[in-house]
Structure formats: C-alpha cells, structure tokens
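K.L.:
There's a structure below that I have some questions on.
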Amino acid sequence: MMAAIDGNTPLCTGIGVVAPTGIGVESHWQAILGGKTGIDRISRFDPAAYPVKLSGQVRDFVAKGRVPGRLIPQTDHWTHMALRATELALSDAAVNPASLPEYEMAVVTSSSSGGTEFGQHEMTRLYQHGPSWVSAYQSIAWFYAATTGQVSIRNGMRGPCGVVCAEQAGGLAALGQARRLVRSGESRLVVSGGTDAALCPYGLTAQLASGSLSTVDDPETAYLPFDQDAAGFLPGEGGAILILEDAGRIGERAQQDAYGVILGHATGFDPRPESARAPALRATLARALDDARVDAADVDVVFADAMGVPELDIVEAQAIGAVFGENAVPVTAPKTLTGRLYGGGASLDVATALLSLRHGVVPHTVGPRRLAAGCPIDLVTGQPRELDLRTAVVLSRGYGGFNAALVLRRSRN
Amino acid sequence: MPKFTLDDLRRTLRESTGIDEEVDLDGDIADTEFVELGYDSLALLQVASEVERSYGVPIPGEQLAQLTTPGSVVTFINEQLQRAGV
C-alpha cells in the first residue's frame, strides 16, 4: 500500500546532495551503492598536530561559479554548500521559486556549528591585528541561522523560516518542522535539511571535546559502528537539502515524480548522564511510529544513527531490537562513507533512505565486520540488499542528549 | 593627481565584498548608486574598514551613509588624503 496522497501531505519532491560521497543525487547514490568512501586525510588544514587526521570532505566542491559572487566572501563554507545543495534540490524538484507566492515558501535548516571556519579566520585577524581587521560580514556569516537566511533571500522565500540546532539530530527536527508547516497549510513549499562544515582547527578542536571522535588513523577501520572494534566516529562536512511540498498544491505529475512522504516524526531528549532512567531513543522511535500510524512490522529498513561509540551503539541496537524485534529488520548506516556530518548528517541519511525506497535497495554499511555483543540487529554489510521497500525509518542522535526519528514512505510504485 | 582612484575602489570591492555576476564593475560606474551595483550598507561598512586600514582614512558612519556612489567615495577619500597632507 502506498501512502495516501491528499491535501497537506508533505511530499519530498527534490534532493540536493553536497557530501563527501559526491555532489548531486546520482553521484551520491552511485558512491553509496559502490561502497566508495569519501573518508581521507584532512586537507582543509594540516591535521598533523591533531589526534584526528581523517574526515569526510567534499573534495570536488568549488564555490566560485556555483555560488553567487557577492555571497562568497560574505558567507561560510557551510552556507556555500547549502546554497549549492538548494539549487540542486530545486532543480531536481523542477521548481521555479520565482513563480510561487513568496510567503507560502519557507526555509528550515539544521546547523550545529554555524560559520566555524569563517569565524576562525576573523578571530585570527582580531588577535593578530586588531578589531578593524575583522570582516563586517562576521556579523552575518557565523551564526546558525545564516544559511537559512541566505537561502531565503536568494530564493525569495519569506514564509516562516527557522534553524534547528540539535547537533546530528537537527536534520530530522528541521524536516519535522518543515512537515508541520506543510501540514498546517501555512507553507506550500519548504526548503529543509541542512549542511555543516567544521573542518578547521577551531571546529575540530571543539569536536574533540566530546571524546567521541575516532583517533584511528586508517580510513577503513576508523569508524566501525556496531562493530567489536568500534572506536568512535569520524567527522565530515556537507549534507543534503530537501524540498518538501504540499501534495495538494502540486500537479499530478509532480506527485508521481516525488521521492516519498514524511509519515511521522518524533524528538526526544536523554535523561541526565547519572540518571537511572533509560536513554530516550527507544521511546522516540516508538512515538515516531505512532505519529506515522505505522506498525513496527511494516517498517522495511532502518537507517541507524550509528555513533560508533560502543555504549551508544548498544543503546541504539537495543532500541531497534526492542521496537522491531531482534534481527527483525534490515539496518544500515551508509554514513561510514562520509563520517558524521552533524547538522548535515541526518538529512543526508533521509536523502539516502528516499533513494533506497525509490530503487528498492538497502545500501550496505561499509566497515563493520563483527557485531559487538549486545547488538542484536540485522546490519546490512558486504553488499547492497535488494528488497521491496515501502517504509523506512531514520534515527539520529546529537551530542548533549538530542534524539530524533523520522518515518518515510515511498510515494509511487 | 588623485591618490585613491576608481580602480583602487574596484579592487577593494572585488577583494572584500565580492562581485554580483550581473554587474560590470569595469564599466562606467562612478555615478551609479551602490544599491544598483548590488552593494548594501554592510558591504560599504566592509569597504570603509578596508580603506581605513589601507589608506589611513576613516569614514565615519554618518558620512558613509551620504556616499551613495563610487565616485563620491573616491572624492571623499582624496579630500581627506589632501587634508592630511599626504
């Protein structure tokens, strides 16, 4: 059964990917299916002095010629990537924003670092030379809402815009808010998802404080979620921008071409670390299924958060096992090819899940070989698995206690 | 002989605030409003900061609001340079 499509149904009609796996939906999907990693030694700066030397960078990304010339010196690398991803997503959705009412279009993105690299550059000028050396654009480039604002201005989208800062869970929360705007009838189109870029010395140093990054210096074994040898995760940059549209306000053709429907969404927050209460993920997942009115048995694939931190992998595997049954649903984590993209990570997972639904293929998780004890999940490894897929769940967690789950259903045969 | 030319301003605009692809900065822009060239008040604040650093000429905020064309900026800076006896 396909999702019922009627008025105010939030359909994903376009995807724009700017990620370590590639730029554009097709190159990303081919890299995912081929297990082609985007993980390599950090080249945006010399990582020799840092304990983490690997990351997922968007190697082919060049702002010049792809991002409006006036915006390049005004905005951070993270915003450059989002502007490009938005352009790709709008083109994928065959939408011309200029032809739609500006107050019926909104922008809701996720950001976890803001304009870190831009900020570092200006801070360096401040302490090396003085206040007059700091760019006037620092005022608008660094802050979390900068990407949402620039995408809104660039595309003339003046509806209810916002930004969600919930680390890696932010991408799902942003899409949850986008869905709310469509379902309430307030917006006919929402640009959502997000990107992030914190691969500069300042950004990496801030991330190191979590203690969850892998210091293993081998791209093939550094990030092994659910594996016996899990040693943390690698950071990455980029993400995905998705176009959500109100099914009731687009043509039948556009409905049929859509990737899928956001059926359900929930967020949760973990109890304080010393609390005896359970982590929030299991309950968040259950609430997302309730919200979607989907039985656990009807879920065909789970895209895991896959932290790569042993105790957190067990929390997630146990939550999946408790809700779906042990080894009862295929689980995958293609993010081992990109690293965790923070504000951009969960929306890239949603993009991959929608492609998975469309093509009837669960991409494999590259890296893990031997599941850790306490992880009773059917992790798809080795090669992609072809299945008739209708419903997918995406899970994400963000540093500090954020949890989110999203339920997706493919929207055509 | 002016010490600060329109080309100096063009270079400052290019380097510090970028260029709108639809604008020909090399054209006859002396009397074109900054707004039409795609530069907003923040862009001019950035230009003023660069000029102060490179030429030692501060442009106070209230003065900056009066300088709405490239030509007026060039004239103002040269007047200040002359006054300072540079």
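K.L.:
Just the Kirkwood number for the range A:286-379, please: inverse of mean 1/r across all distinct Cα pairs, in Å, one decimal. Don't jump to the answer; show the numbers that get you there.
P.N.:
Details: mean 1/r = 0.0721 Å⁻¹.
Result for the range A:286-379 stands at 13.9 Å.
K.L.:
If you roll a 1.4 angstrom probe over the protein chains with everything in place, what fraction of the accessible area of the protein assembly as shown belongs to carbon and sulfur, to the nearest %? Before the final figure, lay out each step's value.
P.N.:
Numbers: 10040 of 20320 Å².
Summing carbon and sulfur atoms, their accessible area is 49 percent of the total for the protein assembly as shown.
K.L.:
Taking square-rooted eigenvalues a ≥ b ≥ c of the alpha carbon gyration tensor, is the range A:10-257 rounded, prolate or oblate, where a/c under 1.5 means rounded and, failing that, a/b exceeding b/c means prolate? If you can, show how the numbers build up before the last one.
P.N.:
Working: a/c = 2.01, a/b = 1.33, b/c = 1.51.
Oblate, since a/c reaches 1.5 and b/c is not below a/b.
K.L.:
Now a separate question. GNM, chain B, Cα, under 10 Å: largest mean-square fluctuation among B:THR68, B:THR12, B:THR32?
P.N.:
Per the Cα network of chain B with a 10 Å cutoff, B:THR32 tops the list.
K.L.:
Continuing with the same structure: Rank B:ILE59, B:PHE34, B:VAL47 by how far each Cα sits towards the positive end of the charge dipole of the range B:6-83 (+1 on Lys, Arg Cβ; -1 on Asp, Glu Cβ) and give me just the farthest.
P.N.:
Among B:ILE59, B:PHE34, B:VAL47, the one farthest towards the positive end of the dipole of the range B:6-83 is B:ILE59.
K.L.:
Follow-up. Which residue fluctuates most in the GNM of chain A (Cα springs below 10 Å): A:HIS129, A:HIS364, A:HIS121?
P.N.:
Of A:HIS129, A:HIS364, A:HIS121, the Gaussian network model singles out A:HIS129 as fluctuating most.
K.L.:
Choose one answer from A:ASP270, A:ASP196, A:ASP76: the residue with the largest mean-square fluctuation in a GNM of chain A with alpha-carbon springs under 10 Å.
P.N.:
So, out of A:ASP270, A:ASP196, A:ASP76, the one fluctuating most is A:ASP270.
K.L.:
Suppose accessible area is computed on protein heavy atoms with a 1.4 Å probe; arrange B:ARG53, A:ARG70, A:ARG277, A:ARG44 from highest to lowest. Spell out each step's value before the answer.
P.N.:
Numbers: B:ARG53 60, A:ARG70 20, A:ARG277 170, A:ARG44 95 Å².
In descending accessible area the options line up as A:ARG277, A:ARG44, B:ARG53, A:ARG70.
K.L.:
Here's something else I'd like to know. Given a 1.4 Å probe and no ligands, DNA or RNA in the count, how much accessible surface is buried by A and B, both sides, to the nearest 100 Å²? Intermediate results must be reported in sequence, preceding the final value.
P.N.:
Values: alone 16080 and 5310 Å², together 20320 Å².
Protein heavy atoms only, the A-B interface buries about 1100 Å².
K.L.:
Provide Rg over Rh for the protein assembly as shown; use the alpha carbon set for both Rg and the Kirkwood Rh (inverse mean inverse pair distance). Could the numbers behind the result be given before it?
P.N.:
Values: Rg = 24.5 Å, Rh = 23.7 Å.
Here Rg/Rh amounts to 1.03.
K.L.:
At 1.4 Å probe size, with every protein chain present, just tell me what the per residue accessible area of the range A:10-257 comes to in Å².
P.N.:
Values: 9310 Å² over 248 residues.
Roughly 38 Å² per residue, with all protein chains present.
K.L.:
Could you tell me the calculated FRET efficiency between A:PHE269 and B:GLU21, based on Cβ-Cβ distance and R0 = 60 angstrom, to the nearest 0.05?
P.N.:
0.85
K.L.:
Now a separate question. To the nearest 10 square angstrom, what accessible area does A:HIS28 show with a 1.4 Å probe?
P.N.:
Using a 1.4 Å probe on the heavy atoms, I get roughly 0 Å².
K.L.:
Of the GluC sites (Glu not before Pro) in the range A:140-231, which ones lie in a loop per DSSP and count no more than 16 other C-beta atoms within 10 Å? Let's see the in-between values first.
P.N.:
On the way: sites: A:GLU167, A:GLU186, A:GLU220; in loops: A:GLU167, A:GLU186, A:GLU220.
Sparse-neighbourhood loop GluC sites (Glu not before Pro): A:GLU186, A:GLU220.
K.L.:
In nm, to one decimal, how far is the modelled label at B:GLN63 from the one at B:ARG11, with both set 7 Å along Cα→Cβ?
P.N.:
That separation, rounded to one decimal, is 2.2 nm.
K.L.:
What lysines could a cross-link reach from A:LYS335, if we take a straight Cα to Cα line under 19 Å and drop same-chain neighbours fewer than 8 places away?
P.N.:
The reachable lysines, counting only those whose Cα sits under 19 Å from A:LYS335, are A:LYS36, A:LYS53.
K.L.:
Ok, one more. From the helices alone, meaning DSSP H stretches of at least four residues, give me the mean residue ellipticity at 222 nm for the protein assembly as shown, per-run term -39500 (n - 2.57), in deg cm²/dmol to the nearest 500.
P.N.:
Values: 15 runs with 170 residues, N = 499.
Computed mean residue ellipticity for the protein assembly as shown: -10500 deg cm²/dmol.
K.L.:
Looking at chain B, do any whole DSSP H helices span at least 18 angstrom along their long axis by alpha carbon and average -1.0 or above on Kyte-Doolittle, and which?
P.N.:
Values: long enough: B:41-55 (20 Å, 0.31); B:70-83 (20 Å, -0.18).
Those that clear 18 Å and a mean of -1.0 are B:41-55, B:70-83.
The values are calculated or read from the model by the stated rules, or taken from the named source; none is laboratory data. Predicted, not measured: the structure shown is a model, and the values here were computed from it. Cβ sites come from the backbone with ideal geometry, for glycine too, and all protein chains shown count toward neighbours. Heavy atoms of the whole protein, side chains included, go into the accessibility calculation; ligands, DNA and RNA do not. Shrake-Rupley method; radii C 1.70, N 1.55, O 1.52, S 1.80 Å.
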